[in-house]
Every structure is written in structure tokens, then in C-alpha cells.
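Novice: I'd like to ask some things about the structure below.
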Amino acid sequence: MTPAMKEMVWGGSWLHERFGKEIPSDKTGEAWEVAAHPHGQSVAASEPYCGQTLGDLVEQYKEELVGTEVYARYGTYFPLLIKFIDANQNLSVQVHPNDEQAVSLEGEGASGKTEMWYILDARPGAKLVYGFNKDLTEEELRESLEKGTLEEYLNWVPVQPGDTFYIPSGTLHAIGAGILICEIQQNSDLTYRVYDYNRLGLDGKPRQLHVEKAVQVVNRKAPVGAEKADIDQGVKSPFFETTRLYVDQPLTLPVSQERFEILIVLEGEGVMNGLPVRAGDSILVPATAGSVSIEGKMTLIRTHV
């Protein structure tokens with residue numbers, strides 16, 4: 001897939017430097033690698049589908065593309081969104097609602113967001129926010145937001161390449177400066193921004209906060225000591241399953257007719273079903289493929305619904 005690029009006030013040029021991706025500017029924050037969302041669509045980069053958006057492909061091929069079980073569950077709504085994120089500066093402190101909360105707060109058709117992060121690279125001293133450093137009452141949380149003292153309660157976690165974080169809806173989080181991430185998430189762009197370091201957006205205006213909604217959905221229990229997930233054991237959620245795969249000899253992965261597979265090349269290069277691939281490529285394998293043959297020397301992320 002060819003990604004949709006997103007410029008952000010906190011973005012940089014790492015996606016070009018690391019993967020050779022064509023970026024619109026040195027404020028490029030996100031590459032939406034596999035996406036069928038109104039705010040961004042990835043496009044097929046291989047024949048015979050070259051140039052078609054993922055949304056159009058799902059509408060056209062339905063269960064042949066997404067799989068019988070996925071189509072029965074979601075119809076033509078593609079359930080996942082895969083991103084690369086270049087956090088050149090701190091991202092805002094934010095939280096996402098679950099599906100039920102999203103509908104309640106935003107209206108019918110809104111979707112919540114559970115996600116996971118795989119750390120691709122991190123500059124020395126890089127860290128991110130994962131929840132609070134102590135359990136908070138609603139009164140303590142509201143007071144800290146009113147007084148601007150929220151930073152006292154943020155749980156900052158040092159990171160290094162290969163670290164994995166599973167972030168269920170309701171988890172307060174923020175990517176810190178100097179981190180390159182692969183993100184796997186529900187197909188949603190709904191974010192409640194809690195705190196943004198009094199920063200101005202690319203338009204020169206303060207970015208909107210969503211404090212009242214955030215307070216309603218955030219988990220105030222501290223996750224200290226249980227922040228990281230084990231990618232090699234697999235990250236399993238109601239919305240996706242993800243594992244890491246090392247390839248150094250030819251192998252064939254079976255593909256169920258029930259669901260599509262997404263393979264993300266993190267390092268190395270090789271060939272998949274005759275298609276040359278390299279680090280930074282994201283490959284959507286249709287459910288009707290039956291299998292995918294892989295050759296080369298690569299580190300992959302494999303994910304499916």
C-alpha cells in the first residue's frame with residue numbers, strides 16, 4: 001500500500017530518513033499505511049489494483065478481500081488502521097473512548113480506539129506517557145487539569161527499539177519526543193486531547209482540548225509496572241492480534257478465508273508472493289490468497305482481526 005501522509009506540529013523527517021518515504025515536509029508526523037478512513041486513505045501500490053483506494057477495494061471485493069468472518073462482523077467498514085508515527089516533538093497527552101462511549105459522546109457511527117505501539121527507534125533518553133503514576137480520584141484529576149499540574153501525575157516510561165505497548169481505550173497516553181512508532185489500532189480518528197504543553201498548532205492557534213469528555217472516559221487507575229506487552233508472545237485484543245516474525249529462510253504463511261492479513265516490514269528486504277518488499281512497506285494480504293510465500297531476511301509485524 002502507498003500511505004496517506006499527515007503533517008503535524010510535532011512531526012519530522014524520520015520517515016524519509018529511515019524508510020525513504022516521500023514526505024510532504026519536515027513536519028510529517030504520520031504515514032497511514034493501511035487505511036480506509038474519511039480522514040485518510042491508503043492506495044494500492046501493486047498491480048492489478050494500482051491506484052485504487054483501500055476503501056474502493058473493500059467496496060468492490062467485500063469478503064474476498066477482508067474475509068468471511070470479518071465481513072460478517074464489519075461489512076465494508078475496514079476495521080484496522082496501520083500507521084507509522086514520527087514523534088519529533090512530544091505528542092499531546094490524550095485518551096480515546098471505547099465504542100460505546102464514542103457513540104454516546106459523538107453520535108451514531110462513531111468508533112472508539114484501542115491501539116498498540118511497537119517502538120521502531122528511539123533517541124537516547126526517549127520516553128512516553130502510559131497512564132498515571134498513582135491512582136487518582138475524579139476530583140484530583142479535575143483539580144490537576146484546572147491548575148495545570150497534570151504533569152505531576154503522568155507515568156513516564158523510558159523506551160528502546162522493540163518495546164511494545166498495548167493501549168486499551170481509556171488509557172491516558174502520549175508519545176514523547178524522539179520516538180518512531182508502528183501503530184496498530186481500530187479504524188478510528190477520535191482523540192480527546194487533555195494537555196498539549198500550551199503549544200500552538202500549524203495554524204498558529206492553540207490546539208483544541210477535550211477535557212470534559214476525556215474525564216468521562218479515562219481510566220484513573222495507575223498501570224505502574226505493567227506498561228509493556230510481549231510482542232513475541234503476541235498482543236491479543238478484541239480488535240486485533242499481532243506478533244513479530246523473523247524471516248531468514250523461505251516460509252509459507254497460511255491465510256484463512258475468514259480474515260485478511262497485514263504484514264509490515266520493519267527491517268530487511270525480500271519477496272512476498274513474487275512481490276519485492278523492503279523495510280517500511282506494508283502489505284495487505286487478501287483472505288482469498290490462501291497463503292503467502294516469504295523469502296529474504298526480514299523482521300515483520302503480522303497482524304489480523
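Novice: With the requirement that a residue be assigned to a loop (DSSP other than H, G, I, E, B), open to solvent by 60 Å² or more (accessible area, probe 1.4 Å) and free of Cβ contacts under 8 Å to residues at least 24 places away in the same chain, what does region 195-232 give you?
Specialist: Residues satisfying the conditions are Asn198, Asp203, Lys205, Gln208, Leu209, Gly225, Ala226, Asp232.
Novice: Determine, yes or no, whether Phe132 is under 20 Å from Pro238 (Cα atoms), open to solvent by less than 70 Å² (accessible area, probe 1.4 Å) and of a type in the set (Phe, Trp, Tyr).
Specialist: Answer is no for this residue.
Novice: Looking only at residues that are loosely packed, with under 15 Cβ neighbours inside 10 Å and more than 25 Å from Thr68 (Cβ to Cβ) in region 272-294, which one is nearest to the chain's Cα centre (by Cα)?
Specialist: Among them, the one singled out is Arg278.
Novice: Filter region 34-48 down to the residues that are modelled with pLDDT of 95 or more and over 17 Å from the mean Cα position of the chain (by Cα) and list them by number.
Specialist: Val43, Ala44, Ala45
Novice: May I ask you to verify whether Glu269 is at pLDDT 95 or above, among the charged types (D, E, K, R) and open to solvent by less than 50 Å² (accessible area, probe 1.4 Å)?
Specialist: Spelling it out, it is not the case that Glu269 is at pLDDT 95 or above, among the charged types (D, E, K, R) and open to solvent by less than 50 Å² (accessible area, probe 1.4 Å).
Novice: Does Glu151 satisfy the criteria of being of a type in the set (Asp, Glu) and touching an Asp or Glu at 6+ places or on another chain (Cβ under 7 Å)?
Specialist: no
Novice: Quick one: in region 162-194, of everything that is over 16 Å from the mean Cα position of the chain (by Cα) and part of a loop (DSSP other than H, G, I, E, B), which residue is farthest from Thr299 (Cα to Cα)?
Specialist: Looking at residues that are over 16 Å from the mean Cα position of the chain (by Cα) and part of a loop (DSSP other than H, G, I, E, B), I get Ala177.
Novice: Return only the number of the condition from (1) in contact (Cβ under 8 Å) with a residue 40 or more places away in the chain; (2) open to solvent by 50 Å² or more (accessible area, probe 1.4 Å); (3) of a type outside the set (A, V, I, L, M, F, W, C); (4) not in a helix (DSSP H, G or I) that Glu69 does not satisfy.
Specialist: Answer for Glu69: the failing condition is (4).
Novice: Count, please, the residues in region 1-29 that happen to be farther than 28 Å from Gln52 by Cβ and not charged (D, E, K, R).
Specialist: 5
Novice: Among the residues of region 147-194, which ones are open to solvent by 20 Å² or more (accessible area, probe 1.4 Å), among the aromatic types (Phe, Trp, Tyr) and closer than 29 Å to Leu245 by Cα?
Specialist: Trp156, Tyr166 - these are the residues of region 147-194 that are open to solvent by 20 Å² or more (accessible area, probe 1.4 Å), among the aromatic types (Phe, Trp, Tyr) and closer than 29 Å to Leu245 by Cα.
Novice: Residues that are modelled with pLDDT of 95 or more, in contact with a Ser or Thr (Cβ under 8 Å, 6 or more places away or on another chain), assigned to a loop (DSSP other than H, G, I, E, B) and within 29 Å of Ser25 (Cα to Cα): does region 122-133 have at least one?
Specialist: No: region 122-133 contains no residue that is modelled with pLDDT of 95 or more, in contact with a Ser or Thr (Cβ under 8 Å, 6 or more places away or on another chain), assigned to a loop (DSSP other than H, G, I, E, B) and within 29 Å of Ser25 (Cα to Cα).
Novice: Still on this structure: On the given criteria, is Lys62 open to solvent by less than 20 Å² (accessible area, probe 1.4 Å) and at pLDDT 95 or above?
Specialist: Judged against the criteria, Lys62 is not a match.
Novice: Being basic (Lys, Arg) and either modelled with pLDDT under 95 or under 20 Å from Thr171 (Cβ atoms) (or both) is the requirement here; does Lys83 meet it?
Specialist: yes
Novice: Kindly provide the set of residues from region 5-24 that are of a type in the set (Lys, Arg), open to solvent by less than 50 Å² (accessible area, probe 1.4 Å) and either over 20 Å from Ala174 (Cα atoms) or touching a Pro at 6+ places or on another chain (Cβ under 7 Å) (or both), ordered by number.
Specialist: If the condition is that a residue be of a type in the set (Lys, Arg), open to solvent by less than 50 Å² (accessible area, probe 1.4 Å) and either over 20 Å from Ala174 (Cα atoms) or touching a Pro at 6+ places or on another chain (Cβ under 7 Å) (or both), then Lys21 is the only one that fits.
Novice: Further question on the same structure: In region 72-105, what residues are in a helix (DSSP H, G or I), in contact (Cβ under 8 Å) with a residue 40 or more places away in the chain and of a type in the set (A, V, I, L, M, F, W, C)?
Specialist: The answer is Ala102, Leu105.
The values are calculated or read from the model by the stated rules, or taken from the named source; none is laboratory data. None of these values were measured; they are calculated from a predicted model. We place every Cβ from the backbone using ideal geometry, glycine too, and count neighbours over all the protein chains shown. To get the accessible areas, we keep the full protein, side chains included, count just its heavy atoms, and leave off ligands, DNA and RNA. Shrake-Rupley method; radii C 1.70, N 1.55, O 1.52, S 1.80 Å.
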